[in-house]
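These notes are about the structure you will find just below.
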Amino acid sequence: ESCLHPKTSKPYLRFASNRRNNSPNPKAFRTLTRKSRAVFTHGLIIVFVEEEDRDYYSRDSVHLEFRKWMGEMIQNVQVLDHTSGKL
């Protein structure tokens, strides 16, 4: 209800899901780079109707409040944006 695009008044999220990592693989959700050895305990998938909706969400107050709330619980975050059907 709160994720409505201001121009269309329609929902801009198609799908959202979050889960805690329970993989038996010790390397699952681990980033090994020169700068970071972060371990990721949770995964969150958000699917937007259009790329414009994603861009709007990144500055929407709903997203900013969500980031603050999640930041109190989750230490490491990695964002991956992609477009369906494109590699």
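Every read-out reported here was derived from the displayed coordinates using simple, explicitly stated rules and does not represent laboratory data. The structure presented is a predicted model; accordingly, all values stated were derived computationally and were not measured. As a convention, Cβ positions derive from the backbone with ideal geometry for all residues, glycine included, and neighbour counts pool all protein chains shown.
For the reader, a short list of remarks on this structure follows.
- When the Cα positions of F48, P11, Q75 are compared along the charge dipole of the chain, Q75 comes out farthest toward the positive end, with charges on each C-beta of Lys, Arg, Asp and Glu.
- For the chain, average projected area of the Cα convex hull in nm²: 7.4 nm²
- Taking amide H as placed 1.01 Å from N in the peptide plane, F48 has its amide H under 5 Å from the amide H of R14, each at least 5 places away in sequence or on another chain.
- Each Cα pair under 8 Å and six or more residues apart adds its separation to the average, and for the chain the resulting relative contact order is 28 percent.
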